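A short write-up of the structure that comes next.
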Amino acid sequence: MTTRRVETSVAGLDTMLRGGFLPGTVILVRGAPGTGKTSLALQFLVEGARQGEPGLFVTFEEFPESLYRDAATLGFDLRALEATGMLRLLFTSPAVLLGQLQNPDSAIHATTGDGVIERAVIDSMTHFTRMTADAYQLRHIHTTVVNGLRREGITTLLLNEESPSDAQRTDPGGLAYLSDGIILLRYVEVESAIERAIVVLKLRGSDHAREIRHYRIQEGGLVVGDVFQHRGAILSGISRRD
Ligand SMILES: Nc1ncnc2c1ncn2[C@@H]1O[C@H](COP(=O)(O)OP(=O)(O)OP(=O)(O)O)[C@@H](O)[C@H]1O
Ligand SMILES: [Mg+2]
């Protein structure tokens, strides 16, 4: 029997994920500013809406107008999706969301009306790091968020800004460890030009592609392309010819 997968609809990515995410898993999408985290996340929710799976987009940073505008650039009409009840946007603070997730009475549902949320996005997890300077406290916060979403059985993308220090393999607050999967979006310097690279680093309970592929952003969202051929050290950000 094949397990049901939650499809992203990102061309080429579902193949890398062997069909999509396992339902109810929490996936980290990590990348530098402008790599396309929000775009990928919107695509994921728009596809959910298309498949009849209600979605929730939680943002701590964007004003509603700029989110609607950015989505429109990708060809997504978020207001129309909200009107159908298949998408809810939540503009809140990390502290308020944390309080809701700690409440066992399924506060995520309470804040999102009576539609049962099946897909969610948190944009971005980086904001929780501003709640505390203590590593143990941050780990506790991350655990609360991840477990709260798991308890609801919501397939979730946690967006995470990657700073140069994270690229040195640090994992503040253990987010990479806590998550069921990790997708990395990277800028790569190739022959004096910047290209975009995507890789699935981890997918608990499933096989996944190991290769590093090109991707581009266009109307409709991300499109995954070919494998980086004859290049090494791609994830360092500055590739070299093999
Ligand atoms: N229709 C489009 N065609 C081509 N590129 C686009 C289109 N829409 C958005 N982009 C590009 O997508 C990139 C922004 O992606 P996005 O906002 O998803 O990144 P992000 O990782 O969420 O960034 P941040 O960390 O700043 O929030 C920009 O470089 C923008 O030019
Ligand atoms: Mg973003």
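Going by amide H atoms built from the backbone, whose H comes under 5 Å of the H on Leu89, apart from near neighbours?
Sorted by chain and number, the residues that satisfy this are Phe57.
Would you please give the residues with an amide H less than 5 Å from that of Lys202, counting only those at least 5 places away or on a separate chain, with H modeled from the backbone geometry?
It is Ile182, by chain and number.
Using only the Cα atoms, what convex hull volume per residue in Å³ does the chain have?
126 Å³
In what order, largest first, do Ser236, Ser66 sit by accessible area if the probe radius is 1.4 Å?
Ser236, Ser66
Take each of the peptides 192-201, 175-184, average the number of other beta-carbon atoms within 10 Å over its residues, and list them starting from the highest.
Highest-to-lowest ranking by the protection proxy: 175-184, 192-201.
So if each residue of separation counts as 0.36 nm, and I subtract the Cα-Cα distance between Arg204 and Val227, what length gain in nm does that give?
Value of the extension gain: 6.0 nm.
Taking amide H positions as placed in the peptide plane 1.01 Å from N, state which residues far from Arg18 in sequence (5 or more) or on other chains have amide H under 5 Å from it.
Sorted by chain and number, the residues that satisfy this are Ala209.
To the nearest 10 degrees, how steeply does helix 135-152 sit against the main Cα axis of the chain, on a 0 to 90 scale?
Here the helix axis deviates by roughly 70 degrees.
Sort Arg88, Arg130, Arg4 by accessible area with a 1.4 Å probe, largest first.
Arg130, Arg4, Arg88
Could you give each residue of the stretch 229-242 its phi-based ³J(HN,Hα) in whole Hz, using Karplus coefficients 6.51, -1.76, 1.60 with θ = phi - 60°, and x for Gly or Pro?
For the stretch 229-242, the Karplus-derived couplings read 9, 6, 10, x, 6, 4, 6, 6, x, 10, 7, 10, 6, 7 Hz, x marking Gly and Pro.
Between 0 and 90 degrees, rounded to the nearest ten: what's the tilt of helix 64-73 against the longest Cα principal axis of the chain?
Approximately 40 degrees, to the nearest ten.
Connecting C-alpha atoms closer than 10 Å in a GNM of the chain, tell me which of Ala71, Ala135, Ala209 has the biggest fluctuation.
Ala135
What ³J(HN,Hα) values, in whole Hz, does the Karplus curve 6.51 cos²θ - 1.76 cosθ + 1.60 give for the stretch 37-43 when θ = phi - 60°, with x put for Gly and Pro?
4, 5, 4, 4, 5, 5, 4
Which ³J(HN,Hα) values in Hz, rounded to whole numbers, follow from the phi angles of the stretch 85-95 under the Karplus curve 6.51 cos²θ - 1.76 cosθ + 1.60, where θ = phi - 60° and Gly and Pro get x?
Using θ = phi - 60°, the values come out as x, 8, 9, 10, 9, 10, 9, 9, 10, x, 5 Hz.
Can you compute the helix-only [θ] at 222 nm over the chain? Use -39500 (n - 2.57) per DSSP H run of at least 4 residues, normalise by all residues, nearest 500 deg cm²/dmol.
-8000 deg cm²/dmol
GNM, the chain, Cα, under 10 Å: largest mean-square fluctuation among Thr38, Thr25, Thr170?
Thr170
The values are calculated or read from the model by the stated rules, or taken from the named source; none is laboratory data. Just so it is clear, the model here is predicted, and its values are computed rather than measured. For neighbour counting, all protein chains shown are included, and Cβ atoms are generated from backbone atoms with ideal geometry for every residue, glycine included. Remember, those area values only see protein heavy atoms, side chains included, never the ligands or the DNA or RNA. Shrake-Rupley method; radii C 1.70, N 1.55, O 1.52, S 1.80 Å.
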